[in-house]
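K.L.:
Pasting a structure here, questions to come.
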Amino acid sequence: MSTKSKIVHFSFIFIAIYLKTTMSQSVDRLRQLEEIEKDIVKVIRSAGETLEELSKEAPSEDRINATATKFLKSLEGVEKGLSEQIGYLTQVATGQPHEGSTYGAEKDFELLRCRTKSVKNQLVAIRDQGTNTASQS
């Protein structure tokens, strides 16, 4: 294997590892958003339970306190999760480097693929010239 081929091979491996890592991070972000969505459902259910108890003719103060506490804890979790996501998105939107973007790696991979194709075509042309020269002799 020539030096150029080794460089191209290792470049492909590096880019593949980088893409896998960034895609994994994106999957983690999506999982976090799914968890926040589940927490939002808990908030709505807790609010509904509290309102249901308050609408009764003889509401239980203990039940109201329990459901209201559950509501507030769930709401705090949603607020914390959303704040983290908004912070992440703010970082991404300001153009700072971040772990979730695959655009740069994808662009590098595409450029490397084009360069590799060009080198391959040049090597084939050199081989063909050598074959033609040898057959003419």
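The values are calculated or read from the model by the stated rules, or taken from the named source; none is laboratory data. Because the structure is a prediction, the values reported are computed rather than measured. Positions of Cβ are backbone-derived with ideal geometry, glycine not excepted, and every protein chain shown enters the neighbour counts. Quick note on the areas: whole protein, heavy atoms, side chains included, nothing else; ligands and nucleic acids left out. Shrake-Rupley method; radii C 1.70, N 1.55, O 1.52, S 1.80 Å.
K.L.:
Please turn the phi angles of the stretch 23-34 into ³J(HN,Hα) values with the Karplus equation 6.51 cos²θ - 1.76 cosθ + 1.60 (θ = phi - 60°), one per residue in order, whole Hz, x for glycine and proline.
P.N.:
Karplus-based 3J(HN,Hα) across the stretch 23-34 equals 5, 4, 5, 5, 4, 4, 4, 5, 5, 4, 5, 5 Hz.
K.L.:
Still on this model: Could you give the length gained on full extension between Ile44 and Thr133, defined as 0.36 nm per residue of separation minus the Cα-Cα distance, in nm?
P.N.:
On the way: separation 89, 0.36 × 89 = 32.04 nm, distance 7.96 nm.
Length difference between fully extended and current span is 24.1 nm.
K.L.:
Follow-up question, since we're still on this one. Is the stretch 18-71 best put as rounded, prolate or oblate by its Cα gyration tensor, with a ≥ b ≥ c the root eigenvalues, rounded for a/c under 1.5, and otherwise prolate when a/b is larger than b/c, oblate when not? Mind showing how you got there, number by number?
P.N.:
On the way: a/c = 10.54, a/b = 4.92, b/c = 2.14.
Since a/c reaches 1.5 and a/b is larger than b/c, the shape of the stretch 18-71 is classed as prolate.
K.L.:
Ignoring everything but the protein chains, give the 1.4 Å probe accessible area of Glu61 in square angstrom, nearest 10.
P.N.:
130 Å²
K.L.:
Between Lys20 and Ile126, what is the FRET efficiency for a Förster distance of 35 Å, r being their Cβ-Cβ separation, to the nearest 0.05? Show your work: numbers first, answer last.
P.N.:
Values: r = 34 Å, r/R0 = 0.98.
Taking R0 as 35 Å, the efficiency between Lys20 and Ile126 is 0.55.
K.L.:
For the pair Glu106 and Gln91, how long in nm is the line joining their label points, each one 7 Å along Cα→Cβ?
P.N.:
Between Glu106 and Gln91, the label points sit 2.1 nm apart.
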